[in-house]
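Novice: Structure in structure tokens, see below.
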DNA sequence: AATGAAAGGATTAAGCC
DNA sequence: GGCTTAATCCTTTCATT
């Protein structure tokens, strides 16, 4: 699969609304047969666009701790480490890494003592500072949105059209807008792999 | 249903991992029959705990605009308005309302001109200021987490035990820890309704 | 990508504790 | 009220074109 068409987009929209919707329902909507929908869904998963089928829980209705936003001022070069650390925490729901390298996460903590949790979750010498804000309410919109859905080249970020190419590395499929982006990416991977 | 037990918690966990998992699979895991699982899922949906089955998309693989975090310093009393405004925007994925009344949202914008989007999305006289941060990467964890899952009273926030009560208002089910919380909630609703 | 057959899952109803 | 079993209906998958 090299690009996403309107049908893929529609399938994702329908699944975002109800991930347990029968493929036969979706098939009716997009004028395909159920196996064709199943195929497309499998390809969307392979491509990594569709990460998983999941649930949207109303955590506010659960006694699931207090929700807080924690902003970490991360020391240069330690971003990936802090990101991985907070993503490994059960209490963490969302993680944002800003272009400046700071890490913002939302977490639900059973305790009022956020400091203790932070000290436990991340290496304190990796951050200069952190800031905690209590969250009164939050929501999430699983809509696909009005923006064009098309694959982005894993090398240069440009749109991948039907002339695009793909490569499977370590079981992950990567997409490229052209052959040169593909070889650049694959070469770099092989160099890194050889070093390791 | 008045409280969530370990089985409900496990069912939510399994569905968070894969929302299309067959109920018969889940039934095996929790030692129940498939209809029993189906019943519990239906009740979790009725209770509003399980909002919807949905998908986790890797938007970074899509040309879906640039992701930004926008923090609004909201004028006192206009929080709900700003929250509703950003939630109504297609581009917005997450919305957090802090205890201080500020609104933080993550959005994916097709344009570089975030200011124009903001001016369009919210009434500018409702905010004192806003701050935009570019996001390099983000993730979301649909795990239920290690925290006890139990219903919270919609009136006072305390844990709802099996002695709790429920009320259905406008098709939504509400849960209360005791009869007095229930009547307080229902009375308030009826007063508001009479005023309208 | 469609078709049709076979396998597998969901839901209903009846009955039990 | 919550559970189970059994029967029915629906959905998905696979082989084929």
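Novice: Any chance you could count how many residues in the stretch B:28-41 are within 8 Å of DNA strand C (Cβ to nearest atom), under 29 Å from residue A:91 (Cβ atoms) and free of Cβ contacts under 8 Å to residues at least 12 places away in the same chain?
Specialist: 0
Novice: Given the structure, is residue B:90 within 12 Å of chain A (Cβ to nearest Cβ), out of contact with any strand residue (DSSP E or B) (no Cβ under 7 Å at 6 or more places or on another chain), part of a loop (DSSP other than H, G, I, E, B) and more than 16 Å from DNA strand C (Cβ to nearest atom)?
Specialist: So residue B:90 passes the test.
Novice: So, one more: Which residues, taken from the stretch B:17-34, are under 22 Å from the mean Cα position of the chain (by Cα) and within 11 Å of DNA strand D (Cβ to nearest atom)?
Specialist: Matches in the stretch B:17-34: B:20 only.
Novice: Moving on. If you take the residues of the stretch A:134-172 that are within 24 Å of the chain's Cα centre (by Cα) and modelled with pLDDT of 85 or more, which of them is surrounded by the fewest Cβ atoms within 10 Å (Cβ to Cβ)?
Specialist: My answer is A:137.
Novice: Restricting to the stretch A:41-59, and then to whatever is more than 16 Å from the chain's Cα centre (by Cα) and modelled with pLDDT under 95, can you tell me which residue is nearest to DNA strand D (Cβ to nearest atom)?
Specialist: Out of the qualifying residues, it is A:42.
Novice: Checking residue A:73 against (1) over 30 Å from residue B:46 (Cα atoms); (2) modelled with pLDDT under 95, only one condition comes out false. Which one?
Specialist: (2)
Novice: If the Cβ limit is 6 Å and pairs must be 6+ apart or interchain, which residue in the stretch A:72-83 that is farther than 17 Å from residue A:115 by Cα pairs with which residue that is surrounded by 14 or more Cβ atoms within 10 Å (Cβ to Cβ)?
Specialist: A:75/A:126; A:78/A:126; A:79/A:101; A:81/A:126; A:83/A:97; A:83/A:103
Novice: With the requirement that a residue be in a strand (DSSP E or B) and in contact (Cβ under 8 Å) with a residue 60 or more places away in the chain, what does the stretch B:42-71 give you?
Specialist: B:56, B:66, B:67, B:68, B:69, B:70, B:71
Novice: Test residue A:19 against the stated conditions and say whether it is modelled with pLDDT of 95 or more, more than 11 Å from DNA strand C (Cβ to nearest atom) and either away from chain B (no Cβ under 13 Å) or not in a helix (DSSP H, G or I) (or both).
Specialist: Yes; evaluated as a whole, the condition is true for this residue.
Novice: Any residue at all in the stretch B:104-117 that's in contact with a strand residue (DSSP E or B) (Cβ under 9 Å, 6 or more places away or on another chain), on the phi > 0 side of the Ramachandran plot and at pLDDT below 80?
Specialist: The answer is no, given that none of the residues of the stretch B:104-117 is in contact with a strand residue (DSSP E or B) (Cβ under 9 Å, 6 or more places away or on another chain), on the phi > 0 side of the Ramachandran plot and at pLDDT below 80.
The values are calculated or read from the model by the stated rules, or taken from the named source; none is laboratory data. No experiment lies behind these values; they were computed from the predicted model shown. Cβ: placed from backbone, ideal geometry, glycine included. Neighbour counts: every protein chain shown.
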